[in-house]
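To start, the structure itself, in structure tokens.
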């Protein structure tokens, strides 16, 4: 079953030509990873706000052509760990196929995952990233997972199992997490709070990320998928992370009183 695009013409351009142009404008790299990227974290707002951070981060990554794509569940629909199992995700003028073989393996090896479409049908966080992945890798295949599980012990268990399964897979797989950072605080507050969340991320410390977000009340919408993915990345042998880009919406809108923070992180 295919998933239609639901935020085309809202978060990003609604025609193929305009979308390709917008993505190309954002895919600007200042450097390139020297090691294959195990995990990338990128934002998912409207392209005018977060596109440059997303584009620069992914342009500097060295991603494999198969990607497990993890994001938050903003809608509250569906299971807490929802995997879209088959078909393709449609975009203006194109579609991105789901790697149903890998999806089947993950569902078999990780019983906490549920084959579930309800969590994805109105969720924008993964869809917004897909045009960048497709532009970089026209033959990219994905396994989309929406993460709403709040229990850190479950996130650790599932993340470790995911990392072990991907490490043993017959072909290499990367992960991409979709997350914005602080929401609706001042530009200065966002930078301060987001630095507290990013410090453990850059030290590959999933427990530290989870604790920092909770203790400091940081409104990072993708803390759950990123916590899970960091556990997986460690299991896959990742040893370093770097901040590829950071900005707030104020730099695009001119409103520095109520901003959203955007960070791009590369883990290898």
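When residue 42 is tested against (1) touching a residue at least 40 places away in the same chain (Cβ under 8 Å); (2) within 28 Å of residue 171 (Cα to Cα); (3) over 18 Å from the mean Cα position of the chain (by Cα), only condition (3) is not met. Can you find even one residue in region 144-152 that is assigned to a loop (DSSP other than H, G, I, E, B), at pLDDT 95 or above and within 30 Å of residue 21 (Cβ to Cβ)? No, every residue in region 144-152 fails to be assigned to a loop (DSSP other than H, G, I, E, B), at pLDDT 95 or above and within 30 Å of residue 21 (Cβ to Cβ). Restricting 192, 123 to residues that are modelled with pLDDT of 95 or more and under 16 Å from residue 81 (Cα atoms) narrows the list to 123. Please go through region 91-123 and give me each residue that is more than 19 Å from residue 78 (Cβ to Cβ), in contact (Cβ under 8 Å) with a residue 60 or more places away in the chain and touching a strand residue (DSSP E or B) at 6+ places or on another chain (Cβ under 8 Å), ordered by number. Across region 91-123, the qualifying residues are 91, 92, 95, 102. Go through region 120-135 and give me each residue that's in contact with a helix residue (DSSP H, G or I) (Cβ under 6 Å, 6 or more places away or on another chain) and either surrounded by fewer than 22 Cβ atoms within 10 Å (Cβ to Cβ) or farther than 21 Å from residue 179 by Cβ (or both). The one that is in contact with a helix residue (DSSP H, G or I) (Cβ under 6 Å, 6 or more places away or on another chain) and either surrounded by fewer than 22 Cβ atoms within 10 Å (Cβ to Cβ) or farther than 21 Å from residue 179 by Cβ (or both): 135.
Only a single item in (1) out of contact with any helix residue (DSSP H, G or I) (no Cβ under 8 Å at 6 or more places or on another chain); (2) over 19 Å from residue 44 (Cα atoms); (3) in contact (Cβ under 8 Å) with a residue 24 or more places away in the chain is not met by residue 164, and it is number (1).
The values are calculated or read from the model by the stated rules, or taken from the named source; none is laboratory data. Keep in mind the model is a prediction, meaning the values are calculated, not measured. Methodologically, a virtual Cβ is constructed for each residue, glycine included, from the backbone with ideal geometry; neighbour enumeration extends over all protein chains shown.
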